[in-house]
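A.B. asks: Mind having a look at this structure? Questions to follow.
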Amino acid sequence: MSAPVYLLSGSDPVLRGEALERLVAELIGDDDRSLAVEEFAVPGRAAPGEGETDAPSGAQGREEVVAAALNAAQSPPFMTGRRVVVLHEAGNLGSGDVAPLIAYLDRPLDTTALVVVAGGGRLPRSFADALKAAKAVKVGPEVEKTSDVLAQHLADAGIELRSAAAKLVTSHLGEDAGRVPQLVELLASAAGPGATLDVADVEPYLGDAGPVPNYQLTGAIEAGDMAGALATLRRMLTAPGPGQSRPMHPLQVIGTLHSYYRRVATLDDPRVRSPRDAVAALDGRIKEYPARKALDQARALQSDGVRTAFDHLFTADLDIKGARAIPEDAVLEVLVARLAALSGRARGGPIRRGRSRSRR
């Protein structure tokens, strides 16, 4: 593999880091890494209390990092076959920061491999276009789905999980696939190569539950699964998502549910008769499977049920904003319990309360 520019992307920073290590190892071969590789990180905006440092930040910090990275990229290699320059967190760059990089991409040095790591946010459009024009080689994690990452790392480590144990790990970690490498390394160290592990063998090492996708909450609500919906809600409020520093804010959960029920309300229309009609009614913004699920929910709730759902959402929105001084988690638990119960009654099935407790 040999090219002057690479663009490395991926949603999880841990898996992105693994992909970077593989790429750098391929690029430097047998060369001394300390001589061949230079790494720079674009600073983001400092959060309150994080700005007390001697390192420059903001526009000045970004300008200095870009200048240093380009100085390295434009320098010939020293005692190595090529120079590898890694620019981390390139998504922190603003549109006013990238002109020198765009100029470099027009005529990159053939003895340098510039690796742009697209973390921190969305790349400025002009920079993304310049990378495309420069034919930057796109690289990233081989797999990112938690179950696939688990299978890959288990095979690499030479250990196996029984089916129930693998399902437990996948369910517990949720979307936090970046925790898989450390967990597998820990299991391999504890059990030794060639081991086959069961549920009891992995449970002590799982740690906190990982995040779950938003559709898992609406799916449990659709099914009238109150216990499942409440368990999912608690994970959304306590487990940060991949690459996030904090869990979902209660207002984000309210927003997710508002969006879902607006979709359902749009499909509460006798002219919408099929999943294909539903996709069209939603302006093609979603695929046919979620459109069919929303259409089924609209048919089950009917107009009165949809209005009741919005009544619950309106009350919860006021309470989240302090109307009755009710704790935010209690407001959301009551809302989710009410929506699950509404759906369960509308579909004529049992409401699965399980052992979860909601505050009424």
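A.B. asks: To the nearest 10 square angstrom, what accessible area does Asp32 show with a 1.4 Å probe?
C.D. replies: Near enough 80 Å² of accessible area.
A.B. asks: Tell me the net charge near Leu105. Cut-off is 15 Å between Cβ atoms, Leu105 excluded, with +1 for each Lys or Arg and -1 for each Asp or Glu. Provide the component values of the computation, followed by the final result.
C.D. replies: On the way: positive: Arg107, Arg125, Lys132, Lys135, Lys138; negative: Asp97, Asp106, Asp110, Asp129.
Result for the neighbourhood of Leu105: +1.
A.B. asks: Arrange the residues Phe310, Phe78, Phe127, Phe40 by how much accessible surface each exposes, largest first, with a 1.4 angstrom probe. All intermediate terms of the calculation are to be shown ahead of the outcome.
C.D. replies: Values: Phe310 60, Phe78 125, Phe127 0, Phe40 40 Å².
Listed by decreasing accessible area, they come as Phe78, Phe310, Phe40, Phe127.
A.B. asks: Compute the longest continuous run of the chain that contains no exposed GluC sites (Glu not before Pro); treat a site as exposed when its DSSP state is not H, G, I, E or B and it has at most 11 other Cβ atoms within 10 Å.
C.D. replies: Working: sites that count: Glu50, Glu52.
Result, exposed sites excluded: 53-360.
A.B. asks: Right, here's the next one. Lys138: which aspartates and glutamates have alpha carbons under 14 Å from its alpha carbon, excluding same-chain residues fewer than 8 sequence positions away?
C.D. replies: Cross-link targets: Asp129.
A.B. asks: If you filter the stretch 187-272 for trypsin sites (Lys or Arg not before Pro), then keep DSSP loop positions with at most 11 other Cβ within 10 Å, what is left?
C.D. replies: Loop-located and lightly packed - Arg271.
A.B. asks: R0 = 51 Å: FRET efficiency of Glu64 with Ser171, Cβ-based, nearest 0.05?
C.D. replies: Working: r = 45 Å, r/R0 = 0.88.
Rounded to the nearest 0.05, the efficiency is 0.70.
A.B. asks: When only alpha-carbon atoms are used, what values of Rg and Dmax, in angstrom, describe the stretch 130-265?
C.D. replies: Taking only Cα atoms of the stretch 130-265, I get Rg and Dmax of 18.1, 55 Å.
A.B. asks: While we're looking at this one, here's another question. With a sphere of radius 12 Å drawn around the Cβ of Leu150, what net charge do the other residues whose Cβ falls strictly inside it have (Lys, Arg +1; Asp, Glu -1)? Could the numbers behind the result be given before it?
C.D. replies: On the way: positive: Lys145, Lys167, Arg179; negative: Glu144, Asp148, Asp156, Glu160, Asp176.
Charge balance in the 12 Å sphere: -2.
A.B. asks: Work out which helices of the chain, taken as complete DSSP H runs, extend at least 27 Å along their axis over the Cα atoms and score a mean Kyte-Doolittle of -1.0 or more, then list them. Don't skip to the end; give the middle numbers.
C.D. replies: Details: long enough: 288-320 (34 Å, -0.42); 328-347 (29 Å, 0.58).
Both cut-offs are met by 288-320, 328-347.
A.B. asks: For Lys145, give me every one of the lysines with a C-alpha distance below 19 angstrom, ignoring sequence neighbours fewer than eight places off in its own chain.
C.D. replies: Leaving aside lysines fewer than 8 places away in the same chain, those within reach of Lys145 are Lys167.
A.B. asks: Then there's this: Would you tally the net charge around Leu233, using a Cβ to Cβ cut-off of less than 10 Å, leaving Leu233 out, and scoring K and R as +1, D and E as -1? Present the calculation step by step, with values, prior to reporting the outcome.
C.D. replies: On the way: positive: Arg234, Arg235; negative: Asp329, Glu333.
It works out to a net charge of 0.
A.B. asks: Then there is this: Name the residues whose placed amide hydrogens come within less than 5 Å of the amide hydrogen of Ala41, ignoring near sequence neighbours (fewer than 5 apart) on the same chain.
C.D. replies: His88
A.B. asks: Please list, ordered by chain and number, the residues whose modelled amide H lies under 5 Å from the amide H of Val5; skip anything fewer than 5 residues away on the same chain.
C.D. replies: Amide H neighbours of Val5: Leu114, Val137.
A.B. asks: Per DSSP H run of n ≥ 4, the term is -39500 (n - 2.57); total these for the chain, divide by its residue number, and report the mean residue ellipticity at 222 nm rounded to 500 deg cm²/dmol.
C.D. replies: Values: 15 runs with 192 residues, N = 360.
The per-residue figure over the chain is -17000 deg cm²/dmol.
A.B. asks: Using modelled amide H (1.01 Å from N, peptide plane; none on Pro or chain starts), what sits under 5 Å from the amide H of Leu197, excluding residues fewer than 5 places away?
C.D. replies: Correct list: Glu160, Leu161, Arg162.
A.B. asks: Can you put Leu251, Leu8 in order of accessible area, largest first, using a 1.4 Å probe? Let's see the in-between values first.
C.D. replies: On the way: Leu251 80, Leu8 0 Å².
Sorted by accessible area, descending: Leu251, Leu8.
A.B. asks: If the reach is capped at under 17 angstrom between alpha carbons, list the aspartates and glutamates near Lys321, excluding any in the same chain fewer than eight residues apart.
C.D. replies: Excluding near neighbours in sequence, the set is Asp311, Asp329, Glu333.
The values are calculated or read from the model by the stated rules, or taken from the named source; none is laboratory data. Remember, predicted model here, so these are calculated numbers, not experimental data. Quick reminder, even Gly has a Cβ in these numbers, built from the backbone with ideal geometry, and neighbours come from all protein chains shown. Keep in mind that these areas ignore ligands, DNA and RNA; they rest on the heavy atoms of the full protein, side chains included. Shrake-Rupley method; radii C 1.70, N 1.55, O 1.52, S 1.80 Å.
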